Every structure is written in structure tokens, then in C-alpha cells.
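The structure appears below as C-alpha cells.
The values are calculated or read from the model by the stated rules, or taken from the named source; none is laboratory data. Model, not experiment: these values are computed from the prediction. Methodologically, a virtual Cβ is constructed for each residue, glycine included, from the backbone with ideal geometry; neighbour enumeration extends over all protein chains shown.
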Amino acid sequence: MSLGPVMVDLRGTVLEENEREILTHPLVGGIILFSRNYKDPQQLASLIADIHALRTPPLLVAVDHEGGRVQRFRQGFTRLPAARRFGEIHEHDPRRARQLAEQAGWVMASELRAVGVDFSFAPVLDLDYGISEVIGDRAFHRRPQVVAELASAMMLGMQRAGMAATGKHFPGHGAVEADSHEAIPVDRREVEAILHEDVVPYERMIANGMAAVMPAHVIYSEVDEQPAGFSSFWLREVLRKRLGFQGIIFSDDLNMEGASVAGDYVARARAALDAGCDMVLICNNPEAARSILDGLDQVPNPVLHARLARLHGRHPVTLEALHKDPAWRQAIRAMEALEGDPTLSLNL
């Protein structure tokens, strides 16, 4: 059975019978996990093994595990610094910042792969304009060249661990104050400013082999009346045609307020797919997920299947083997040292 274009979530720490039925629906292609799905590494590995055993090819298992504020699994996993910390270090020691970003990407991906997670929705490529609270320290830096440099280093670490990278939130969420989880942000800048600033990290990351992109639920009013995730201009004209991106385009969560402009849940899913998204996410709303699965047409898409295949995780190790690896021990000491590093108090 091919993987479908819908990613859903789960209620708890084990698969419920009705969830097993949903996960075998031909339109489902993946699962996103949250903190509520996590008790400890052993439970998580068992849950993911159950998910992967349901279908062939196995469903993709994803998580938001960036570091800092957005790290779904805590106890039993290395505490990862927020992206901004690497940007702060970059101000006085670019080489060290790149090394640390690569180590963070490797630690994050290695630990997730050890329990079976295929990929994390990371890194964040938004620019830190000092405006968006929901982005804030999730961004590496204000300067696009620095964001590209550090994000590329993190992606390299992820790739070494067998994990593909997903850049978000295209073309950029950092220049709007409103949080798209709770509002409909509008960015009124001219398209040239966005292309010459926010899009730069995507150009670099795509050239370096980034496998997936997640667009923002932000309206760029000088370009399109629809948020980027529902905009064929941003997804087909800019991302696919101008930047030459051939990977997967994920929608952001269709349950967010920023997606409400597209209509009901089925209309949101159709609009995102029609605009150029390959897979849509619907989270924290089982009824909405069911309505999307019931309302979308079931059309086989071999192109989608080929693109999704790139996101299956590769060469995992066991947690036991990982914890014995000198490279892992060295990397986690480096992550722990960041907490007390006085150079991180720089004002940018």
C-alpha cells in the first residue's frame, strides 16, 4: 500500500484499536508524535515499532524536536539548546558555532533514530527579526547567511545520523508578530524583500540536499491573499520553479487558526494539496482528521510515494550502542556545556 498525503496524530502512549484502523486508511502516510505520546525511550520505541508494523512500506513517524522550547521528548533524551545559542556563538567564533550546530543535529537525530523516529521537523530557517514571539529563540540569527550556515551544519549532523531535514516556515515567519497557532498573521513586505532575505537560507539548504519544507500559515499580502501553505505562487512558482526544490512539501497543522481562511477542514486539505503541498498535517482534532480522510479523493500518486521514500530514517543504532559511542558522549558534554557558557549572554 502506497503512503498517502495525510499525517495524523495519536491520543496516548499506545495504539488504540480505532487508531489502528485510521492508520491503515490509504490516505494516511504518516504520524506526528507529541509529548503526550511519550513516557520513556523504551515505551516510545515500542509504540513506533507498532506503527511501523502496520503497513508496508511503513508509515513515516515524525516529531517536532528542534531543541529549546520545542523538544517533545525530554527525560531520557539530551537537552538541546535553542537555535539562537548557536547564532550567539557565531558572533565571536563561527567555526565553533558550526561544529556545535552539527553536533546538535547529530545528537538529536541519533537519539530519535535509536527509538525509530524517521525525522524531526527541523531546522527552523526563519530570520530573527525580534518581532515574532512564537519564533523568537527558535531562529538561529537575523542575518540570512548565518542562518543558512548554521542550519546547513545542523542538517549535515542529521544526515550523518540517517535523518532527513525539514526546513520551516517557508518563506519566513520571523517578520510578523501574530502567532499562526492563534491568529492569521499578515506580512505586508514587498516580495523582493522576502526573496532577498528570508528565502536565502532555503536556496542554500536546497542546494545542499534538504529533503522537505514546511510553509508558514502567514499571508504575504503584497503577493497573495492566501497563506503560503495555500499559495501556488509560493509553492509552485517560487519553491518548485525558481528554487528547483524536488522534495516533500508539508503543510503546517491545518487545525491552526492561520489555516482557517481556507474554509472547513476538508477544504483546507484540498486547498493545500491543490496549491502544491504533498502531505497535510492535522493535529489535536480527531474529528477533523476523520472528516479529511472521508472527504478527500483517493487518487494514487507515484510521485508522492517516491518523494516520501526519502524521508524514511536510515541506519539506526540501539540506545545501548549509542550511549556507548564516544562521539555521543563527547557531543552531549558539548550540549551541556552550552548551558553555562558565558559567551551566550551576548546582545545581538
Residue identified as under 29 Å from residue 45 (Cα atoms) and within 15 Å of the chain's Cα centre (by Cα) among 155, 205: 155
Based on what the data block shows, is residue 223 touching a Ser or Thr at 6+ places or on another chain (Cβ under 9 Å), surrounded by fewer than 17 Cβ atoms within 10 Å (Cβ to Cβ) and farther than 20 Å from residue 311 by Cβ? no
So, residue 20, is that one at pLDDT below 95 and on the phi < 0 side of the Ramachandran plot or not? no
Qualifying position, being over 30 Å from residue 302 (Cβ atoms), surrounded by 17 or more Cβ atoms within 10 Å (Cβ to Cβ) and modelled with pLDDT under 95, among 4, 67: 67
Output the number of residues of the stretch 241-253 satisfying the condition of being touching a strand residue (DSSP E or B) at 6+ places or on another chain (Cβ under 8 Å) and either at pLDDT 95 or above or among the small types (Gly, Ala, Ser) (or both). 6
Which of (1) surrounded by fewer than 18 Cβ atoms within 10 Å (Cβ to Cβ); (2) more than 17 Å from the chain's Cα centre (by Cα) does residue 52 not meet, given it meets every other one? (1)
Taking the stretch 63-98 only, how many residues are small (Gly, Ala, Ser), in contact (Cβ under 8 Å) with a residue 60 or more places away in the chain and touching a strand residue (DSSP E or B) at 6+ places or on another chain (Cβ under 7 Å)? 1
Would you be able to say whether some residue in the stretch 116-124 is of a type outside the set (Asp, Glu), closer than 23 Å to residue 328 by Cβ and over 16 Å from the mean Cα position of the chain (by Cα)? yes
Count, please, the residues in the stretch 256-311 that happen to be on the phi < 0 side of the Ramachandran plot, surrounded by fewer than 21 Cβ atoms within 10 Å (Cβ to Cβ) and not in a helix (DSSP H, G or I). 10
